[in-house]
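Throughout, read-outs are computed from the coordinates displayed, never taken from laboratory work. Values in this document were obtained by computation on a predicted structure and should not be read as measured data. Please note: Cβ atoms are built from the backbone with ideal geometry, for glycine as well, and neighbour counts cover all protein chains shown.
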Amino acid sequence: MNYFTLIISAMLVQNIVLAQFLGVCPFLGVSKKVESAIGMGMAVVFVMTIASAISWLVYNYILVRFHLEYLQTIAFILVIASLVQFVEMVIRKFSPGLYKSLGVYLPLITTNCAVLGVALLNVQNGYNFLATVINGSANALGFTLALILFAGLRERVDEMNVPASLAGMPISLIIASIMSIAFLGFTGLV
Amino acid sequence: MFEAIIALALIGLIFGLVLGLASKKLAVETDPTIDELILALPGANCGACGYPGCSGLAEAIANGQANIDACIPGGKEVADHIASIMGMDAGSGKEPLIARVRCQGTHEKSKYIYDYEGIASCDMAASYFQGSKDCIYGCFGLGTCAQSCPFDAITMGEDNLPDIHLDKCTGCGICVEACPQNIIILSRATQRVFVSCCNTDKGKDSRKVCTTSCIKCGICERGCPFEAIKIIPSGNGSIARIDETLCTNCGWCADNCPTGAIEIIEPLPVFFNMNNPTESLPASDTASMSCGSCTLCK
């Protein structure tokens, strides 16, 4: 497995939001300002990388050993929920500035299906530990990239003269779908 | 199956232990006054202060952004408690407010022009022909105010009008916002006489739709010994309203109102103690209930 291909594939070709349609809720919810999009993106990178690693460990050393692979979904939810709590505590203690800037986005990640989705995909694809960590962080970077691009577009659209019936969420959904089509252009890159 | 239960329980236990240890080890020193303030506040998270919940207000008070008497439902008691935590003097505090329902239009007094069978929400009812009651200013009786009250101080009575339990009402004003008919107002807790009608139509029209409506006859305005009640313009018409700064609660207007639109409510013992005048009252309460010597009491 070529790790470079893995990164390009996870970030662009198989972009978690725009090609796999996971984590659409924060994608639409936290994309009104580039600033908050960056904050959310950072939080997702942080959590998704660690969640991938720990869920891989739990899967391979606990679930596989006892032939409990069918419990992966519920076990991963447990891992992610506690991990987010833990990360929140650590950040709060050691970096109050980062804690303030992440604000509400950090606990929101608990319910972000992209994190669970990546953890499950890692296991499904049979990646080894290093590939899992790389895939997790690359997916999170892809999410951040899509989120920041989308937030930038929305900021510009806000200043445009949008027809009343399309103003707000409708035009945002159209933008999101056009972005998704644009990302289709990366198909065949890997 | 047992492996599954044990494995998941173990994973949960380990994470729980780690989180528990982490919360001890990584506990962040928060300002202890904020915690104390959160305990002192009522904890209803009603939002009447304008801050997000009681913890938001506690933080604002601790940072000096909010006044110590910013908690409206808490009233003087909470303000005093907060003042002692913050090392300040609460002073006399604001006069407590409570909510009043200004409508007496029960089923017998104001007919329903159609049967409303939609969602039990006054906002919805208001959108159909200005409500199901003959009087378009009246209470629909669907209980949106009772649902909105965070203190369970409002219940819907058998006459289909909201009953406000004065002992529970904190004067937070959430029901005032919730009522689409603007029937509920906040008035000082010592006020016991009030015009319980919101119909601003001409006297003839308002009497036609409800037998206890204000018909703008002006008897109260002419008869009030303290010139506290006036027919004032309101909406598209006019209605009798009491100026609480002048009213002495003598009750003359209520006794002489031809339709009974002016109501006298039984005061709370903490605010009034007329039956037992030997018991002393706090200075702030006696000031607002002093006898006006109108000689109209019976």
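Quick one: grab the alpha carbon gyration tensor of the stretch B:205-262, order the square roots of its eigenvalues as a ≥ b ≥ c, and give me rounded if a/c is under 1.5, else prolate or oblate depending on whether a/b is larger than b/c. Oblate shape, in that a/c is at least 1.5 and b/c is the bigger or equal ratio.
For the stretch A:1-40, backbone nitrogen atoms closer than 18 Å to the point 7 Å from A:Val157 Cα along Cα-to-C-beta are found at A:17-19, A:21-38. In summary, the helical segments of chain A meeting the span-like criteria, namely a full DSSP H run, a Cα extent along the axis of 15 angstrom or more and a mean Kyte-Doolittle hydropathy of at least 1.6, are A:34-58, A:113-124, A:169-184. Were the residues from B:Ile232 through B:Leu39 laid out at 0.36 nm apart, the gain over their Cα-Cα distance would be 65.0 nm. The simple spin-label model puts a point 7 Å past each Cα toward its Cβ; for A:Val90 and B:Ser127 those points are separated by 5.0 nm.
Subtracting the Cα-Cα distance of B:Met1 and B:Lys208 from 0.36 nm times their residue separation leaves 67.1 nm of extension gain. With a Förster radius of 51 Å applied to the beta-carbon distance between A:Thr73 and B:Asp159, the computed FRET efficiency rounds to 0.40. Ignoring the sites themselves, chain A has its longest run without trypsin sites (Lys or Arg not before Pro) in a DSSP loop having at most 16 other Cβ atoms within 10 Å at A:66-190. Bridgeable lysines around A:Lys32 (alpha carbons under 19 Å apart, same-chain partners fewer than 8 residues away excluded): A:Lys100. Loop sites by DSSP among the chymotrypsin sites (Phe, Trp or Tyr not before Pro) of chain A, restricted to those with at most 16 other Cβ atoms within 10 angstrom, leave A:67-190 as the longest stretch without any of them. In the stretch B:100-151, Rg over Rh equals 0.96, where Rg is the alpha-carbon radius of gyration and Rh the Kirkwood radius from pairwise Cα distances.
The share of Cα pairs per 10 Å bin across the stretch A:10-169, counted from zero up to the longest distance, runs 11, 38, 32, 14, 5, 1, 0 percent.
Volume per residue for the stretch B:108-188 equals 96 cubic angstrom (convex hull of Cα atoms).
Using a simple spin-label model with pseudo-atoms 7 Å out from Cα toward Cβ, B:Ser84 and B:Asp255 lie 4.4 nm apart. Within the set B:Lys111/B:Lys204; B:Lys76/B:Lys230; B:Lys133/B:Lys230; A:Lys33/A:Lys93; B:Lys133/B:Lys168; B:Lys109/B:Lys208, which residue pairs have Cα atoms separated by over 21 Å? Beyond 21 Å: B:Lys76/B:Lys230; B:Lys133/B:Lys230; A:Lys33/A:Lys93; B:Lys133/B:Lys168.
Computed over the alpha carbons of the stretch B:11-110, Rg followed by Dmax gives 20.2, 67 Å. Entry note, chain B: the mean residue ellipticity at 222 nm calculated from DSSP H runs of n ≥ 4, each adding -39500 (n - 2.57), is -8500 deg cm²/dmol after division by the residues and rounding to the nearest 500.
In a fully extended conformation the segment linking B:Ala27 and B:Ser55 would gain 8.3 nm over its present Cα-Cα distance, using 0.36 nm per residue. Every pair of different Cα atoms in chain B enters the Kirkwood calculation, which places the hydrodynamic radius at 22.4 Å. Hull volume per residue, based on the alpha-carbon atoms of the protein assembly as shown and their convex hull, is 235 Å³. Using equal-weight Cα scatterers in the Debye expression, the normalised intensity of the stretch A:1-70 in log10 at q = 0.15, 0.22, 0.25 Å⁻¹ is -0.70, -1.08, -1.13. Amide H to amide H, with H built 1.01 Å from N, B:Gly237 comes under 5 Å of no residue 5 or more places away or on another chain.
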